[in-house]
1. Using helices alone, what [θ] at 222 nm do you get for the chain, with -39,500 (n - 2.57) per DSSP H run of 4 or more residues, divided over all residues and rounded to the nearest 500?
2. Mind ranking 120-128, 222-230 by how tightly packed they are, going by the mean number of other C-beta atoms within 10 angstrom, highest first?
3. Relative to the longest principal axis of the C-alpha atoms of the chain, give the angle of the C-alpha long axis of helix 253-262, reported between 0 and 90° and rounded to the nearest 10°.
4. Report the Cα centroid-to-centroid distance between region 57-135 and region 1-36 in angstrom, as an integer.
5. How much FRET efficiency would the formula 1/(1 + (r/R0)^6) give for residue 125 and residue 158, where r is the Cβ-Cβ distance and R0 is 30 Å, rounded to 0.05?
6. May I ask you to compute the full-extension gain from residue 67 to residue 226, defined as 0.36 nm times their residue separation minus their alpha-carbon distance, rounded to one decimal in nm?
7. Once both labels are modelled 7 Å past Cα along the beta-carbon direction, what's the residue 285-residue 108 spacing in nm?
8. In terms of the Cα gyration tensor, with a ≥ b ≥ c the square roots of its eigenvalues, is region 28-80 rounded because a/c is under 1.5, prolate because a/b exceeds b/c, or oblate?
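Just so you know, all these numbers are worked out from the coordinates, no wet-lab data involved. Since we're looking at a predicted model, the values are computed, not measured. We place every Cβ from the backbone using ideal geometry, glycine too, and count neighbours over all the protein chains shown.
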Ligand SMILES: [Zn+2]
Ligand SMILES: [Zn+2]
């Protein structure tokens with residue numbers, strides 16, 4: 001993982017794993033930092049397999065408390081402890097994880113040598129969970145059989161790059177350079193103004209990744225994911241099981257594609273496949289009929305956002 005902003009799929013299965021597919025988990029890398037999205041059973045095995053360092057993970061985001069999205073936590077945290085971790089870790093999820101973790105810690109007489117902070121997220125409205133100078137991570141409220149949030153990871157506006165010719169011509173001070181890089185104009189000593197456009201090159205566009213699992217077809221998410229560079233949307237079933245998708249509050253591949261189309265996203269990655277699809281071609285085909293720029297998540301796949 002060397003790119004500035006990328007995601008690696010660790011698990012693409014829904015509740016029941018197969019011999020090749022693990023329950024949901026993805027590792028997002030942003031400017032050298034790792035963020036884990038969901039932590040299904042076996043996440044630590046997948047991190048090992050793809051040579052992704054456990055200790056670089058400081059934040060874990062759990063979409064909801066169905067077993068296939070968080071049961072990997074006790075194992076992962078225990079291994080971090082065995083590997084000598086002392087650095088605290090932050091978990092963003094719903095309050096009920098506290099019950100589970102308390103039960104686990106007490107019943108197994110476990111004490112970690114690092115602090116685990118559980119940050120409780122809202123079940124109803126979108127909130128910002130984390131930000132640093134590069135990115136912002138917020139929730140996308142979803143519609144599932146229990147409270148569930150997706151996550152939106154957005155790059156912050158990048159600074160303008162100064163043209164070398166402008167640097168030479170005007171020799172701005174350090175403060176003036178900061179001002180210009182943030183989009184300001186340059187005021188010369190005689191009071192005349194050099195507009196920013198003359199001094200800088202347009203910064204590269206900011207990127208965004210939306211992680212949407214588990215949910216039924218739910219158009220209310222569209223304003224949150226509008227225009228993102230990559231949308232991951234669950235696609236548990238094919239279209240002939242549309243009724244089953246509805247009753248279990250999941251989506252079909254076609255519904256995932258309809259959301260992608262309506263939200264005008266650039267690319268769609270589907271996953272959270274039901275165990276009945278040994279081969280996911282049918283899901284891919286049905287999605288691509290609606291939204292051609294669709295591809296399947298598979299274990300170990302790394303995608304640059
Ligand atoms: Zn699930
Ligand atoms: Zn679920």
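1. On the way: 11 runs with 82 residues, N = 305.
Value at 222 nm, helices only, nearest 500: -7000 deg cm²/dmol.
2. Descending mean neighbour count gives 222-230, 120-128.
3. 20 degrees
4. 16 Å
5. Calculated value: 0.60.
6. Numbers: separation 159, 0.36 × 159 = 57.24 nm, distance 2.95 nm.
Residue separation times 0.36 nm, minus the Cα-Cα distance, leaves 54.3 nm.
7. About 4.3 nm, to one decimal.
8. Oblate, since a/c reaches 1.5 and b/c is not below a/b.
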